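> Before we start, here is the structure in question, set down as structure tokens.
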Ligand SMILES: NC(=O)c1ccc[n+]([C@@H]2O[C@H](COP(=O)([O-])OP(=O)(O)OC[C@H]3O[C@@H](n4cnc5c(N)ncnc54)[C@H](O)[C@@H]3O)[C@@H](O)[C@H]2O)c1
């Protein structure tokens, strides 16, 4: 059901790779809520090619950008404003990649070149996006930026390896830049800490299905889906949350504050 919460707003959505991507659902919901959007992803992801379907469905244009390249990001913000006809009201950072995870390398054995690549792609890219946007004054007064993160930034999940540290940096950047962009243009910057979600990035993590089920059993509301996450992002992009900034917001069905559940206990008591 549409409430037209984003009517008249212009947004950029990164990270829609295929129909499982969280960003894919966010793009669909933003379009339903009345926003005009531009889609962006790494040029290599375009060649894998699903995103055109989403662009047709949401009547949006695609601007390829490697989120580690400030040149690409400059082009993204400049062209997006031309296409959408004004400054950007909201931005979704939905970018994550760890070569150490991809190659199944354990945390103590982390390859440092891969580690640095993960930091650049998954965390510094948010800084680069915000810095580029600020230099171009591309985000409108009171605009909203959301980055997606995971609770491994606060608690140890061994299989999340270097991404745990990388997400901690991402969340720190939301706070640090949230201050500066808040002062500059009252732009909000928040991270949403999402439940395990069955996407390409998610299922690439060793043992994903087991911890997906564990989180689902622990959370009183169960795991939040990608569709649920899209709904939450819409509220954060809307004017209804204009005083929320520099926060890490848990969107996890209660997982982050639950110690134990009967469902998990029963697995150990044999009931
Ligand atoms: N799936 C989960 O369980 C889960 C849980 C919490 C948070 N998240 C976060 O949600 C975000 C989206 O991930 P997802 O689960 O939808 O998976 P996904 O694989 O669908 O999305 C990751 C995206 O990052 C893009 N990307 C990678 N390198 C890039 C680059 N250099 N430039 C631009 N884009 C690049 C990929 O092309 C892809 O579209 C990530 O930040 C992820 O860490 C995922």
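The values are calculated or read from the model by the stated rules, or taken from the named source; none is laboratory data. Since this is a predicted model, take the numbers as computed values, not measurements. Cβ sites come from the backbone with ideal geometry, for glycine too, and all protein chains shown count toward neighbours.
> Within 14 Å of the ligand (Cβ to nearest atom), part of a helix (DSSP H, G or I) and touching a strand residue (DSSP E or B) at 6+ places or on another chain (Cβ under 9 Å), is that true of residue 92?
Taking the combined requirement at face value, the residue does not satisfy it.
> For region 29-39, enumerate the residues that are touching a helix residue (DSSP H, G or I) at 6+ places or on another chain (Cβ under 6 Å) and in a helix (DSSP H, G or I).
Answer for region 29-39, where residues must be touching a helix residue (DSSP H, G or I) at 6+ places or on another chain (Cβ under 6 Å) and in a helix (DSSP H, G or I): just 29.
> On the given criteria, is residue 68 under 19 Å from the mean Cα position of the chain (by Cα) and surrounded by fewer than 20 Cβ atoms within 10 Å (Cβ to Cβ)?
Yes; evaluated as a whole, the condition is true for this residue.
> Tell me yes or no: at least one residue of region 147-158 is touching a residue at least 12 places away in the same chain (Cβ under 8 Å), more than 13 Å from the ligand (Cβ to nearest atom) and under 26 Å from residue 76 (Cβ atoms).
So far as region 147-158 goes, no, none of its residues is touching a residue at least 12 places away in the same chain (Cβ under 8 Å), more than 13 Å from the ligand (Cβ to nearest atom) and under 26 Å from residue 76 (Cβ atoms).
> Among the residues of region 153-182, count how many are part of a helix (DSSP H, G or I), farther than 16 Å from residue 247 by Cα and at pLDDT 95 or above.
Within region 153-182, residues that are part of a helix (DSSP H, G or I), farther than 16 Å from residue 247 by Cα and at pLDDT 95 or above number 6.
> Now a separate question. For region 43-50, state whether one or more residues are touching a strand residue (DSSP E or B) at 6+ places or on another chain (Cβ under 8 Å) and either crowded, with 23+ Cβ neighbours inside 10 Å or touching a residue at least 24 places away in the same chain (Cβ under 8 Å) (or both).
Scanning region 43-50 turns up no residue that is touching a strand residue (DSSP E or B) at 6+ places or on another chain (Cβ under 8 Å) and either crowded, with 23+ Cβ neighbours inside 10 Å or touching a residue at least 24 places away in the same chain (Cβ under 8 Å) (or both).
> In addition: Report, by residue number, each residue of region 200-256 that is near the ligand (Cβ under 9 Å from one of its atoms), assigned to a loop (DSSP other than H, G, I, E, B) and either at positive phi or surrounded by fewer than 19 Cβ atoms within 10 Å (Cβ to Cβ) (or both).
Matches in region 200-256: 204 only.
> Next up: State whether the residues of region 81-89 include one that is assigned to a helix (DSSP H, G or I) and surrounded by fewer than 16 Cβ atoms within 10 Å (Cβ to Cβ).
Yes, there is a match, as at least one residue in region 81-89 is assigned to a helix (DSSP H, G or I) and surrounded by fewer than 16 Cβ atoms within 10 Å (Cβ to Cβ).
> Checking residue 103 against (1) within 15 Å of the ligand (Cβ to nearest atom); (2) surrounded by fewer than 17 Cβ atoms within 10 Å (Cβ to Cβ); (3) under 21 Å from residue 158 (Cα atoms); (4) free of Cβ contacts under 8 Å to residues at least 24 places away in the same chain: exactly one of these is not met. Which one?
The one condition residue 103 does not meet is (1).
> If I go through region 106-140 residue by residue, how many of them are within 16 Å of the ligand (Cβ to nearest atom) and in contact (Cβ under 8 Å) with a residue 24 or more places away in the chain?
Count: 18.
> Let me ask something else. Mind checking which residues of region 40-51 are more than 10 Å from the ligand (Cβ to nearest atom) and either modelled with pLDDT of 95 or more or not in a helix (DSSP H, G or I) (or both)?
49 - this is the single residue of region 40-51 that is more than 10 Å from the ligand (Cβ to nearest atom) and either modelled with pLDDT of 95 or more or not in a helix (DSSP H, G or I) (or both).
> A follow-up question, please. So, in region 18-39, of the ones that are surrounded by fewer than 20 Cβ atoms within 10 Å (Cβ to Cβ) and near the ligand (Cβ under 9 Å from one of its atoms), which residue ends up farthest from residue 86 (Cα to Cα)?
Of everything passing the filter in region 18-39, 20 is farthest from residue 86 (Cα to Cα).
> Now a separate question. Hey, any hits in region 184-193 for a residue that's more than 30 Å from residue 88 (Cβ to Cβ), away from the ligand (no atom under 12 Å from the Cβ) and touching a helix residue (DSSP H, G or I) at 6+ places or on another chain (Cβ under 9 Å)?
no
> Identify the residue in region 5-17 that is outside any strand (DSSP E or B) and modelled with pLDDT of 95 or more and, among all such residues, is nearest to the chain's Cα centre (by Cα).
Ranking the candidates gives 15 first.
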